[in-house]
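Data block below; observations after.
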Amino acid sequence: MMKTPKNLLTRLAALVSVALVVLLFAGCERERQQRRVPPLPDPAAVVPDLRGMTPDEAAVLLARHMLRLGKTTTTEDARWADVGRPGLIVAQSETPGARVPRRSAVEVTVYGPATLEHADIPDVQGMTYAEAAAALEAAGFLLGEVTWRHVTQQQLYGIVYTQTPKPATRAKRWSKVDLGLYGPAVEGLVHVPRLTGLAASEVPVILAKHGLAQGKVTYKSAPCASLVGTVSAQSPAIGVKVKPGTKVHITVYRR
């Protein structure tokens, strides 16, 4: 019997090994093609505590945690009054410390009582013009138009008998309230026009049209930026009858 050379056996063993590796690789590849592996979920992010922050501050902090700010809701619920100051976050949709997928949105609730934007109009009926003006300003409102009802009882002169809107009406702060005053009927005089709420630059022109002149100008700090440059008060008051050429003094809001 003829013996197989040693080098031939070595070559056959090598070929068999290569064939086995090829078959094994092909089988693994087919298995990978047949089985779809689902993508790995995003790594979890830890939700920070946003309470006591403004929404802008919360958005920055959330970004650092790979999260984002969701819907912002304002609540007027008085139960939050002891939790945080107006304009700050008092609640959030995700519990602080919770682990959520990255890029998740966290919704927040901000405490904003109605008094920030709206208020109840005070009752100034029965007050003098000066008292009514002070009461309205203290409540966050401006004087509007003044109309007169002429009466013979001198003790009623300058007293507010009506106002629009009515007392206790909820209105936007720094809106105007029109007043009706009792006053005498005097001939040969002119009515002082309404200057409050107008731009100070308009005053000289308006007074000139009524035969009046601008008097002293004083200034006071504005309660909000939108009122800067507008007239906050005037003397004589709106609707008062004066002699032509009378000087009307004004107070203007400034920063």
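Here is how the numbers come out for the structure above:
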item	result
Some residue of segment 121-139 being in contact with a Gly (Cβ under 7 Å, 6 or more places away or on another chain), aliphatic (A, V, I, L, M) and not in a loop (DSSP other than H, G, I, E, B)	no
Near pairs, Cβ below 7 angstrom, 6+ apart or cross-chain, from segment 87-104 (in contact (Cβ under 8 Å) with a residue 12 or more places away in the chain and under 12 Å from Val46 (Cβ atoms)) to any residue that is acidic (Asp, Glu) and crowded, with 18+ Cβ neighbours inside 10 Å	Val100/Glu94
Residue in segment 204-219 that is within 25 Å of Gln153 (Cα to Cα), outside the structural domain of Gln125 (by TED's automatic domain parsing), of a type outside the set (Lys, Arg) and modelled with pLDDT of 85 or more present	no
Strands (runs of 3 or more DSSP E) fully within segment 158-255 counting 3 or more residues that are of a type in the set (S, T, N, Q), at negative phi and surrounded by 12 or more Cβ atoms within 10 Å (Cβ to Cβ)	160-164, 231-235
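The values are calculated or read from the model by the stated rules, or taken from the named source; none is laboratory data. Source: prediction; values computed, not measured. FYI the Cβ positions are ideal-geometry reconstructions off the backbone, even for glycines, and counts take in every protein chain you see.
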